[in-house]
Each structure stands twice: as structure tokens, then as C-alpha cells.
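Here you go, one structure.
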Amino acid sequence: MDPIVWIIIAVVAVLVIGALVWFAMNSRRTEELREQFGPEYDRTLEETGDRRDAESELAERRARREGLDIRPLDPASRQRYAERWRDVQSRFVDEPAASLTQANGLVIMVMRDRGYPTEDFEQRAADVSVDHPQVVENYRAANAISERVDSDQASTEDMRLGLVYYRSLFADLLDERDEGTTQQAR
């Protein structure tokens, strides 16, 4: 056989192998991101409309998160926050809007103490989605309800649901293992 034919066969074989490796790596990356982000993967994909863009955004979130110094709360802080949460919940009946606002503030305080940046809601949600992908959608829903409360557009039932949504992230941030509450909020 002519040496040129052998060169062409070798080049085609290298290209095919390269394409297979590239495809396998992309599939693996997709699977890792789906596994890590769960429902947040689908939400980001829907929001961006493109798998590559969604995966780039999620990978950027993960890289940003790795640069943050996220730390657990010490037992005394955890206990103090849990007591404050009980106070917020106990005031709900008499002051639902104020309780919802306080719940939001308490979640932000816990995030700050854990090391999350807290300046901007969208950035908070993106950062939290890396570690708490199962409840970040609840956080977004609670924030939307809080915004409706600010414009007098939320019912008491909406506010109750918002408090439950905040509770699901709050429990995760405190590292509580109260699966019943977290599952109920989901």
C-alpha cells in the first residue's frame, strides 16, 4: 500500500480517537454537573437555552465557590441562630410580613457568618447553589414572595410558604439534619 494512504489512515484514526475522547470528556463533565447541581442544572439550562453556556456558568460558579472560605458555624452560633429562628416563626401569626423579612435577614446573617458574600441576591443564590442545589430554588421562591410582600401583593398563605422556603435553606446552612422540614419545604 502507498505510504500516503497509511498517513491518511493514521490521521483519520487520530481524529476519530480525539473526537471520541472529547465526546467522553464532555459527557462526563455534563454528568458531574448534573449530579452536583441537580435541579439547578436544569434551571440554568432552561435560563440560558444552551447546554454549553449553562455548563460554563455552573463551572464558573463552582470555581468561584472554591475560592471562598466557607466554614461551618460553631455550636454556640448554631444554637443562637436556631433560637432566633424559633422567635421569627413564633411571631408569624401576629406579624407575617415582618417575620418573613426577619427570616430573610437571618438567612443572610448565617450566610455571612459561614463566609458567603451577601451583597447581591443573584450572586448569593448562585454561590449557595453550589453547596445547596436542592434548596436554592426555594430560596429564589422565598425572595420572590418577599418582593411581593414589599409591594403588598402577597397573601398570608404566600408569606407562610415563603417562611417554609427560607427555613429549608436556613436548615441546610445550619447543617441541621432535619430532613422532615427540608423535604416538606421541597
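Nothing in this text is a laboratory measurement; each read-out follows from the coordinates by a stated rule. Just so you know, these numbers come straight off a predicted model, no measurement behind them. So basically every Cβ, Gly included, is an ideal-geometry build from the backbone, and we count neighbours across all protein chains shown.
If contacts are Cα pairs under 8 angstrom and at least 6 residues apart, what is the relative contact order of segment 75-185 in percent?
Dividing the mean separation by the residue count of segment 75-185 yields 26 percent.
Among [x] 0.93; [y] 1.20; [z] 1.39, which is the computed Rg/Rh (Cα atoms, Kirkwood Rh)?
[y]
Among ILE145, LEU100, SER129, whose Cα sits farthest toward the positive end of the charge dipole of segment 97-151 (+1 at Cβ of Lys/Arg, -1 at Cβ of Asp/Glu, about the Cα centre)?
The one lying farthest along the dipole's positive direction is LEU100.
Work out the length of the dipole vector of segment 95-178 about its Cα centre, built from +1 on the beta-carbon of each Lys and Arg and -1 on the beta-carbon of each Asp and Glu, and round it to the nearest 20 debye.
120 debye
Order of ILE108, ILE17 from fewest to most other C-beta atoms within 10 Å?
ILE17, ILE108
Among LEU68, LEU33, LEU161, which comes first, second and so on when ranked by fewest other beta-carbon atoms within 10 Å?
LEU68, LEU161, LEU33
Hey, can you list the DSSP H helices of the chain whose Cα span along the axis is 18 Å or longer and whose average Kyte-Doolittle score is at least 0.5?
3-37
Related question: Rank GLN89, GLN153, GLN102 by mean-square fluctuation in a GNM of the chain with C-alpha springs under 10 angstrom and give only the top-ranked residue.
Of GLN89, GLN153, GLN102, the Gaussian network model singles out GLN153 as fluctuating most.
Over the chain, what is the relative contact order in percent, taking alpha-carbon pairs closer than 8 angstrom and at least six residues apart?
RCO, the chain: 20 percent.
So, one more: If eta is 1.306 mPa s and T is 10 °C, what Stokes-Einstein diffusion coefficient results for segment 3-66, Kirkwood Rh from Cα pairs, in µm²/s?
Rounded, D is 116 µm²/s.
For the chain, what is the charge dipole size about the Cα centre, in debye to the nearest 20, if Lys and Arg each add +1 at the Cβ and Asp and Glu each add -1 at the Cβ?
Using Cβ point charges on Lys, Arg, Asp and Glu, the chain gives about 400 debye.
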